[in-house]
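Comments concern the structure below.
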Amino acid sequence: MAGGLRAPVYVHKGEYDAGDLRASLTDMRGTMVGVVGGTDGFGLGVTPVAGSSARVAVGGGRAWVPLIKSGVRDKRHAFYVDLPAPGVAFDLATASASADRWDVIVVRCTNDADSTTWAEVPLAGYVPGNLAPGWCIDIVRGTDGGPVPAVPFDNYLVLARVKVRKGVTSLTTADVEDLRWATVGQGDSTSMMPVRALKGQTVANAAAEQTNGGLVYSQDEDRLYYKGNSAVRPVAYRPSFMSGCTGKGAGWWGVDDVGQGGLVMWWDGPAVPYDRWGILSYQVRYTAPAGREGWRSVHTFSDDAWVWEGLRSYENSSTIGGKPDVATTQVLIPKNKPLKVQLRMFAQGGWCQLDDWQSNGQLAIFPLE
């Protein structure tokens, strides 16, 4: 008779503890950690509280906190925490009279068997860091005049960092930088979005303490920004494209002075507060009456400034109806000026004109820092 293993169904080893529950939930929901968005997307959000002290509030909400052992995350386990509404409020340490200070607000868990008897903690009288076996909201206090402090323990999720400015007796919205991570899917541990700006807080205020290259997420706009050297601008996920074509024109379009006429194709758009780079590809076909000849080419303009001339050639009416003039060029669209890119035809003595429906082009537009 063959041997085998006889064991309870589902509950391995005949027992079922908190670690088994965490592992089972992770198997079902994936390996992500972070704040659970909730109905308003503001779970466990940190806000300043007006008053006579450096006081903050943490709103009610739920989160998955990573289990970390010796600095290494255990991707098979995560702690699930639930702070009942309306949350808790507490004071930070008194501000220094001579230097600013950074404090970090975190959710912190212990790596234990979760055997503590359940008891409801009065939210109004909450004291940060009162960590029995289980979890708590805690503060990592920085040093006066020092950098943002590192979190000195395992099993934590950062909610916000707070700048306690020297001499203040009350915090403002601009002093709180939201650093929560929101779970946005199932099973993909890399698809996490940083939440940066509080409700009602402008992107500029949220980015005031951000380093260049940092991301700022606006909850009000549901849009992601990045901080550049000179401004905070929306993240462009892809370039924009503008296409155009030219039909039959009236009269002779070619002129000697391309700055005063000869308009072939053009692209218009509104101004934006950053430079844009345009890659313009086009083709133009010409016709000419018998017995005419001369030089012809296409000039590119951006915001009425001359940019580039296509290959100039000397042709006559017997050769001009051949293959089209095909070219690609680049243009700079200056910040705070409307998008105004134009192609103008030069034809010496006005000797040739556009063919019917034979001219088209595409402008690819990329935002620049």
(request) Only strands (runs of 3 or more DSSP E) wholly contained in region 308-351 count here; list those with 1 or more residues that are hydrophobic (A, V, I, L, M, F, W, C) and surrounded by 15 or more Cβ atoms within 10 Å (Cβ to Cβ). (result) 325-333, 339-347
(request) For region 111-120, state whether one or more residues are in a loop (DSSP other than H, G, I, E, B), farther than 20 Å from LEU67 by Cβ and modelled with pLDDT of 90 or more. (result) no
(message) Yes or no: region 136-150 includes at least one residue that is more than 10 Å from ILE105 (Cα to Cα), in contact (Cβ under 8 Å) with a residue 60 or more places away in the chain and not small (Gly, Ala, Ser).
(response) no
(request) Would you confirm whether any residue within region 4-12 is part of a helix (DSSP H, G or I) and either at pLDDT 65 or above or touching a helix residue (DSSP H, G or I) at 6+ places or on another chain (Cβ under 9 Å) (or both)? (result) yes
(request) Kindly indicate which of GLY269, GLY278, GLY310, GLY294 is in the same structural domain as GLN362 (by TED's automatic domain parsing) and touching a helix residue (DSSP H, G or I) at 6+ places or on another chain (Cβ under 6 Å). (result) GLY294
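The values are calculated or read from the model by the stated rules, or taken from the named source; none is laboratory data. Everything numeric in this text was worked out from a predicted model, so none of it was measured. In this analysis, Cβ positions are derived from the backbone assuming ideal geometry, glycine residues included, and neighbour counts consider all displayed protein chains.
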